[in-house]
Amino acid sequence: MFKYALSIFVLTFNSFQAIYSQPVPSPTMYDDDLLEKVQKQTFNYFWDFAHPVSGLARERSNTTFGYGDEVTTTGGSGFGIMAMITGAERKWVTREAARDRMLKIVNFLLKAVRYHGIFPHWLNGETGKTIPFSQKDDGADLVETSFLFQGLLTARQYFNLDTPREKELRNLINSLWKDAEWNWHTRGGLDLLYWHWSPNYGWSMNFELRGWNECLITYILAASSPDYSIPASVYHKCWAEAIILKMDGPITALISHLVLTTAGLCFSRIIPSLASIHMV
């Protein structure tokens with residue numbers, strides 16, 4: 001029996017080896033072609049897989065991860081908006097189609113739940129109500145809101161034609177932007193910026209935004225808010241006080257120099273530019 005089984009294994013192995021040892025022709029794909037394909041497939045994810053009611057981006061594959069059909073992500077939707085702008089510019093969809101999708105998204109966001117103008121991490125894509133990210137993370141998420149506004153403000157600048165629909169879009173985005181109370185997350189005027197606020201648990205998450213991580217954009221947007229900006233002291237006494245920026249050693253010193261130089265450039269150049277953008 002053993003010899004028979006071994007013979008079957010050897011024959012099977014040899015058959016597979018014969019099949020897979022043959023050269024398989026593959027199409028030639030140059031770097032630019034590969035980049036184009038990856039970019040377009042990324043766009044397709046946000047365009048084709050968007051929530052049908054809100055147009056917002058879903059949280060990964062909802063059913064695979066057990067989120068259900070309605071969970072949408074605010075930060076991910078900011079990435080999706082950037083992809084849609086790219087899609088319009090690259091002619092993957094028409095400018096008009098991208099504009100209409102943006103109007104759908106923005107009109108939904110205006111009716112969705114916000115906390116002092118700040119969105120939660122997850123929204124129900126049909127009702128606009130908060131879906132808690134965790135027990136105490138059931139309210140405002142400043143960082144995810146930052147990612148969303150990156151996309152919205154970029155869309156405001158991209159859709160700049162003197163047409164009724166594009167004017168409407170810019171005005172609606174401006175309304176959302178002006179309503180966002182970034183300084184609320186200083187917890188009553190502290191020189192700190194907090195990630196979360198909950199209507200049920202207050203500041204219990206107690207997560208200060210200290211560098212270095214993905215949250216620098218939050219400081220840039222919070223400092224450039226037209227009506228609810230934070231002072232520079234919040235950045236210097238919270239973000240810039242991170243341990244990684246204070247550690248000794250040549251590598252850490254180099255990182256610190258690059259981080260602080262980049263951040264300084266953002267505060268000295270980018271923020272005045274953002275603040276001076278004409279709100280049409």
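Readers should treat all values here as calculations from the given coordinates under stated rules, not as data from a laboratory. All values reported here derive from a predicted model rather than from experimental measurement. A quick note on method: Cβ atoms are made from the backbone with ideal geometry, for glycine too, and the neighbour counts reach across all protein chains shown.
The figures follow:
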quantity: Inter-site label distance for ALA232 and ASP32 at 7 Å from Cα along Cβ, in nm; calculated: 4.4 nm
quantity: Spacing of the two label points (7 Å from each Cα toward its C-beta) at SER175 and VAL53, in nm; calculated: 2.0 nm
quantity: Sum of side-chain charges, LEU169 neighbourhood, beta-carbon under 13 Å (Lys, Arg +1; Asp, Glu -1); calculated: +3
quantity: Reachable aspartates and glutamates, given that their alpha-carbon falls under 13 Å from the alpha-carbon of LYS178 and they are not under 8 places away in the same chain; calculated: ASP227
quantity: Relative contact order for the stretch 58-126, counting Cα pairs under 8 Å that sit 6 or more residues apart, in percent; calculated: 40 percent
quantity: Calculated FRET value between ASN200 and ASP69, using beta carbons and R₀ = 22 Å, to 0.05; calculated: 0.30
